[in-house]
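Enquirer: Have a look at this one before I ask anything.
The values are calculated or read from the model by the stated rules, or taken from the named source; none is laboratory data. None of the values given here were measured: they were computed from a predicted structure. Cβ placement follows ideal geometry from the backbone for every residue including glycine, while neighbour counts extend to all protein chains displayed. The area values use the complete protein model at the heavy-atom level, side chains included, leaving out ligands, DNA and RNA. Shrake-Rupley method; radii C 1.70, N 1.55, O 1.52, S 1.80 Å.
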Amino acid sequence: MRTVHIAGAAVHPFGKHPGVSAAELGYRAVRELLDGTGITPGAVDAGFGGSSYGGSLLAQRVLQRVGVSGQPAFTVENACAGGASAVHLGWQAVASGAADVVIAFGAENLSSLGGGTLPLTTNDIEIEQGMVMPAAYAMRAQRYLHDFGVTVDDLTAVSVKNRRNGALNPRAHFRKEISAADVAESRPVADPLRLLHCCPNSDGAAAVLLCTEEVARQLRTPSVRVGASVVRSGTFHTSYRDMTWPDITERTAAAAYGMAGVTPADLDLVELHDAFSVAELLHAEALGIAGRGEAHRAVREGEFDRGGRVAVSPSGGLMSRGHPVGATGAAQICEAYWQLTGQAGDLQVPGASVALTHVTGGGIFGVDNGACAVHILTAH
């Protein structure tokens with residue numbers, strides 16, 4: 001297979017954009033990507049667009065507006081992993097030789113759904129019984145606190161760290177630091193989680209340009225190498241479920257480390273799926289950057305800070321940057337691209353050369369999660 005590079009990234013800032021459709025948000029991000037890289041629409045061989053709530057043929061509607069018309073276009077729905085899955089399919093196209101230049105993006109407008117928890121429309125026995133994502137993560141949090149002697153203050157430390165990072169991110173939904181007291185005083189959502197332990201429902205879009213090494217050398221933008229691109233689905237079973245161990249993350253990450261030829265110790269930064277504060281702890285352990293039951297200590301001791309052992313969610317993560325579902329995975333890859341090319345500004349992780357992005361989502365009966373995507377990018 002051929003080496004694949006990312007040679008451009010664009011993000012429409014996350015936040016609340018009522019009245020702006022997912023297609024319009026996607027168009028703005030893709031238009032910025034084309035303008036920034038200098039790629040002409042005719043040079044694009046294929047396009048992939050991820051979304052959960054953007055409607056049918058989103059990729060075609062976005063790409064046609066920027067002049068990418070007639071080429072193969074695919075709209076991808078894979079829950080929260082939709083945008084990252086679009087990138088994965090673009091990687092497959094370039095790596096296999098089916099394409100030299102691919103646009104992959106994710107776009108979502110959640111304001112159109114109103115407030116509250118996101119509707120889970122899948123015909124699923126647990127959802128029919130009333131399961132929603134805050135409740136699922138509250139159960140995970142309760143079990144983690146029980147098993148490892150962790151306190152709610154340890155969950156709060158994740159929120160404070162990530163909101164501190166996001167305060168420096170011009171693309172973030174929330175750009176204000178918070179204190180532990182702010183978290184403690186926010187309204188209860190699902191015990192032990194309070195509002196500021198949860199990510200916001202956001203609107204936004206993100207796009208990346210994937211291409212061959214030869215094309216990357218011809219462009220006016222810096223590039224990074226995609227060392228690994230892996231997507232996995234959950235393993236179905238109806239036996240005991242360990243709420244503190246995201247098996248899908250462990251399996252996907254293990255395959256990605258093997259593909260890239262790196263270990264968790266090689267990572268300089270990680271953008272992971274911190275939809276709720278406890279999720280950072282669970283996924284950090286499953287990714288191998290902290291021991292089982294030890295991630296809360298790594299947060300407390302500054303190991304996950306931008307200047308720490310491995311920067312976790314230096315962009316602010318979902319907690320601060322926001323979570324427009326289908327756009328999230330693509331945005332994580334954009335943030336990693338800017339880090340590895342020295343374009344992250346105030347968010348820059350010193351000397352960053354290896355980055356991992358991780359997104360997971362889609363709660364369905366009998367599996368840990370419906371889909372998980374892990375990408376490993378390297379500066380050289």
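Enquirer: Looking at the range 99-119, is at least one residue assigned to a helix (DSSP H, G or I) and either of a type in the set (Asp, Glu) or at pLDDT 95 or above (or both)? Steps first, please.
Expert: Initial filter on the range 99-119 (assigned to a helix (DSSP H, G or I)): 111-113.
Next, only the ones that are either of a type in the set (Asp, Glu) or at pLDDT 95 or above (or both) stay: none.
No; the residues of the range 99-119 include none that is assigned to a helix (DSSP H, G or I) and either of a type in the set (Asp, Glu) or at pLDDT 95 or above (or both).
Enquirer: Among the residues of the range 358-371, is there at least one that is in contact with a Pro (Cβ under 8 Å, 6 or more places away or on another chain), β-branched (Val, Ile, Thr), open to solvent by 10 Å² or more (accessible area, probe 1.4 Å) and in a loop (DSSP other than H, G, I, E, B)?
Expert: Checked the range 358-371: no residue is in contact with a Pro (Cβ under 8 Å, 6 or more places away or on another chain), β-branched (Val, Ile, Thr), open to solvent by 10 Å² or more (accessible area, probe 1.4 Å) and in a loop (DSSP other than H, G, I, E, B).
Enquirer: Let me ask something else. Select from the range 191-223 the residues that are within 25 Å of Arg140 (Cα to Cα) and over 23 Å from the mean Cα position of the chain (by Cα) and write down the one among them that is surrounded by the fewest Cβ atoms within 10 Å (Cβ to Cβ). Write out each step before concluding.
Expert: In the first step, residues of the range 191-223 are kept if they are within 25 Å of Arg140 (Cα to Cα); the result is 191-202.
Next, from what is left, pick out any that are over 23 Å from the mean Cα position of the chain (by Cα): 191-192.
Values: Asp191: 12, Pro192: 18.
Looking at residues that are within 25 Å of Arg140 (Cα to Cα) and over 23 Å from the mean Cα position of the chain (by Cα), I get Asp191.
Enquirer: Also: Name the residues in the range 131-150 that are in contact with a helix residue (DSSP H, G or I) (Cβ under 7 Å, 6 or more places away or on another chain) and either open to solvent by 30 Å² or more (accessible area, probe 1.4 Å) or under 22 Å from Gly316 (Cβ atoms) (or both), would you?
Expert: Passing the criteria: Tyr137, Arg140, Ala141.
Enquirer: When both residues are 6+ apart or on different chains and their Cβ atoms are under 7 Å apart, which pairs have a first residue that lies in the range 235-262 and is modelled with pLDDT of 90 or more, and a second that is of a type in the set (Lys, Arg) and surrounded by fewer than 18 Cβ atoms within 10 Å (Cβ to Cβ)?
Expert: Listed by first residue and then by second, the contacts come to Thr244/Arg143.
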